[in-house]
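Report on one structure; see the data block that follows.
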Amino acid sequence: MSVQLNHTIIHSRDNRESAEFLAHLLGLEVGEEWGPFIPLETSNGVTLDFATTPAESIVMQHYAFLISEAEFDAAFARIQQAGLTYYADPHGKQPGEINHNDGGRGVYFFDPAGHGMELITRPYGSGAAEKDSAT
């Protein structure tokens, strides 16, 4: 059997809030609560299990999601409608912009627990990088 990522646990201040936040932005369904977890399954079968933990024990992590151009349009519209701050870069130096790395589009934002979220339409290294990565 080849190695595949099956699931990961994402620490949050409120597992339901964080799962519903990401599900809404990505157009996914929140799964049934299972023990201390609220699951969110991606189309490639990886489950994100949101777990409530004390805020002081949450260490910021980065989660990147490869989505289609149409999914990006929908998710980006939801980001804007929610009034979320978003960036073209992971360091937050290009607020209110998206990037066009590898000939696709990408955006960074934070979830309710402070985790860095990234949406991209092309995998890194899959196309020509633009000299100016933000528009």
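The values are calculated or read from the model by the stated rules, or taken from the named source; none is laboratory data. Quick caveat: nothing in here was measured; it's all calculated off a predicted structure. Every residue, glycine among them, receives a Cβ derived from its backbone with ideal geometry; neighbour counts consider all protein chains shown.
A few notes on this one:
- Boolean, A64 is modelled with pLDDT of 95 or more, under 22 Å from H11 (Cβ atoms), within 13 Å of the chain's Cα centre (by Cα) and small (G, A, S): yes
- For A113, the stated conditions do not hold, so it cannot be described as in contact (Cβ under 8 Å) with a residue 24 or more places away in the chain, in a helix (DSSP H, G or I) and among the hydrophobic types (A, V, I, L, M, F, W, C).
- Checked against the criterion of being buried (at least 16 other Cβ atoms within 10 Å of the Cβ), over 12 Å from the mean Cα position of the chain (by Cα), at positive phi and outside any loop (DSSP other than H, G, I, E, B), segment 98-107 has at least one qualifying residue.
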